[in-house]
Each structure stands twice: as C-alpha cells, then as structure tokens.
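Let me begin by presenting the structure, written as structure tokens, before commenting on it.
Values in this text are rule-based calculations from the coordinates and carry no lab data. Here the structure is a predicted model, which is why all the values come from computation and not from measurement.
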C-alpha cells in the first residue's frame, strides 16, 4: 500500500511544480486543437445557414409565383364565363 510522505523537500516541490506545469501545457495544446475544430464546425454551419437562406428565398418566390398564376387562372375562367352569358 502506498504511504504518503510526511515531508516535502524543495527538490520534490520543484519536480511537482514542473510536472503540474507540463500537464497544464498539454491540456492547453489539446484545447487549442479543440478550438481549431470548433472553428471548422462554425464555418460549416455558416455555409449551411447560407444555403438554407437561399432555399427559403426560392420557396417564397415559388409560392408567390404559384399563387399569382392560380389567381390569374381563376380570373381568366371567370372572365370566360362572364363573356359567355
């Protein structure tokens, strides 16, 4: 079983500090890698958002075109029926 030391020498404290600093530097490097991946994902989401905006505009345009052509068609049918009587 591991037994804790009762005293710490300056050398052991220095080693401990260096080990902690090394580990935190490794964590910082890993976070930098994660930040780069988030930047990539952010770019992809921006691109998808632009595509969805374009799709929304196309759907609005198609709806307006279909609606106006339907109204024009019914107006033509009504005009034809009114001229027959």
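Structure data summary
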item: Candidates 66, 55, 45: whichever shows maximal mean-square fluctuation once the chain is modelled as a Gaussian network with Cα springs under 10 Å; result: 66
item: Residue-span extension gain [residue 77 to residue 47] - 0.36 nm each, minus C-alpha spacing; result: 6.3 nm
item: Listed residues 51, 37, 12, most fluctuating in the chain (Gaussian network, C-alpha, under 10 Å); result: 12
item: If the convex hull is drawn through the Cα atoms of the chain, its volume per residue in Å³; result: 155 Å³
item: Max mean-square fluctuation residue, GNM over the chain, Cα-Cα springs under 10 Å, options 14, 39, 28; result: 14
item: On Cα atoms only, tilt of 10-84 relative to the major axis of the chain in degrees; result: 0 degrees
